[in-house]
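The values are calculated or read from the model by the stated rules, or taken from the named source; none is laboratory data. These numbers were taken from a predicted model, which means no experiment stands behind them. Cβ sites come from the backbone with ideal geometry, for glycine too, and all protein chains shown count toward neighbours. Keep in mind that these areas ignore ligands, DNA and RNA; they rest on the heavy atoms of the full protein, side chains included. Shrake-Rupley method; radii C 1.70, N 1.55, O 1.52, S 1.80 Å.
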Amino acid sequence: MRALPLHLEAGADLRASLEQLAREQQASGFVLSVVGNLRQACFACPGLDEPTRVQGELEIITLQGTLSPQGVHLHLSLSDPGCQVWGGHLEHGSVVLKGADLLVGFLDQVSVPSPAAAPTAARVQVALREGCAWSRRTERLLQGLGIAYELVAPAPGALPQIWIDGHAIGGYPELAALQTRGDLQSLRHG
């Protein structure tokens with residue numbers, strides 16, 4: 001593992017900055033620590049279709065999760081001036097107030113295919129619905145793990161729908177259960 005410090009100035013978008021860092025490094029990793037504040041936080045709460053937005057002087061308490069060139073899956077918790085704690089999946093629009101200092105650990109042993117590598121068919125196919133919280137969670141989980149997937153037309157029934165190697169596994173709860181058991185590791189990075 002190699003640790004990389006990242007300082008964000010006022011006005012930087014926290015999520016976009018971490019996405020850019022992972023693309024520049026062409027590596028997967030995770031947030032080791034963070035200290036800083038936000039003027040606006042945007043995060044997805046369970047069961048809500050739209051992100052929650054909180055404004056003011058907001059102190060970052062924790063930021064945990066994974067990042068890769070394919071995307072991020074990050075959980076943010078923060079405190080407002082009244083010491084109320086908020087949290088959820090980090091979304092775009094979380095803007096640094098005065099500054100933020102992060103330490104990101106990148107995993108050197110995880111290889112990322114070079115752009116010249118021949119494309120391979122994705123082993124995971126998903127059917128999603130725009131504005132669906134469960135569909136967003138499915139995408140976040142796959143992107144955060146660095147698992148390539150293909151968007152497909154849905155079959156009749158509830159969404160999201162997920163297939164692995166041509167076999168229907170169900171929706172987000174079934175995908176999350178596979179992740180908990182460690183059964184998605186073989187799908188990482190192509």
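Listing for the model above:
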{"quantity": "Looking only at region 179-190, and only at residues there that are without any contact (Cβ under 8 Å) to a residue 40 or more places away in the chain and touching a helix residue (DSSP H, G or I) at 6+ places or on another chain (Cβ under 9 Å), the one that is nearest to Arg136 (Cα to Cα)", "calculated": "Gln179"}
{"quantity": "Leu32 closer than 24 Å to Trp86 by Cβ, of a type in the set (A, V, I, L, M), assigned to a strand (DSSP E or B) and modelled with pLDDT under 95", "calculated": "yes"}
{"quantity": "Scope region 130-168; condition of a type in the set (A, V, I, L, M, F, W, C) and closer than 16 Å to Ala44 by Cα; matching residues", "calculated": "Cys132, Ala133, Trp134, Leu141"}
{"quantity": "Conditions (1) touching a helix residue (DSSP H, G or I) at 6+ places or on another chain (Cβ under 7 Å); (2) outside any strand (DSSP E or B); (3) buried (at least 17 other Cβ atoms within 10 Å of the Cβ); number of the one not met by Arg15", "calculated": "(1)"}
{"quantity": "Any chance Leu21 is more than 25 Å from Trp134 (Cβ to Cβ), touching a residue at least 12 places away in the same chain (Cβ under 8 Å) and under 14 Å from the mean Cα position of the chain (by Cα)", "calculated": "yes"}
{"quantity": "Filtered residue count, region 166-177, keeping only those that are assigned to a loop (DSSP other than H, G, I, E, B) and either under 27 Å from Phe30 (Cβ atoms) or open to solvent by less than 50 Å² (accessible area, probe 1.4 Å) (or both)", "calculated": "1"}
{"quantity": "Members of region 18-34 found to be open to solvent by 80 Å² or more (accessible area, probe 1.4 Å) and either among the polar types (S, T, N, Q) or on the phi > 0 side of the Ramachandran plot (or both), listed by number", "calculated": "Gln20, Gln26"}
{"quantity": "Selection count, region 137-161, where residues are touching a residue at least 40 places away in the same chain (Cβ under 8 Å) and outside any helix (DSSP H, G or I)", "calculated": "3"}
{"quantity": "Number of positions in region 35-56 that are surrounded by fewer than 20 Cβ atoms within 10 Å (Cβ to Cβ), in contact with a Leu (Cβ under 6 Å, 6 or more places away or on another chain) and not polar (S, T, N, Q)", "calculated": "1"}
{"quantity": "Flag for Gln70 being surrounded by 14 or more Cβ atoms within 10 Å (Cβ to Cβ), out of contact with any Asp or Glu (no Cβ under 8 Å at 6 or more places or on another chain), at pLDDT below 90 and not small (Gly, Ala, Ser)", "calculated": "yes"}
{"quantity": "Within region 73-100, tally of residues that are open to solvent by 80 Å² or more (accessible area, probe 1.4 Å) and in contact (Cβ under 8 Å) with a residue 60 or more places away in the chain", "calculated": "2"}
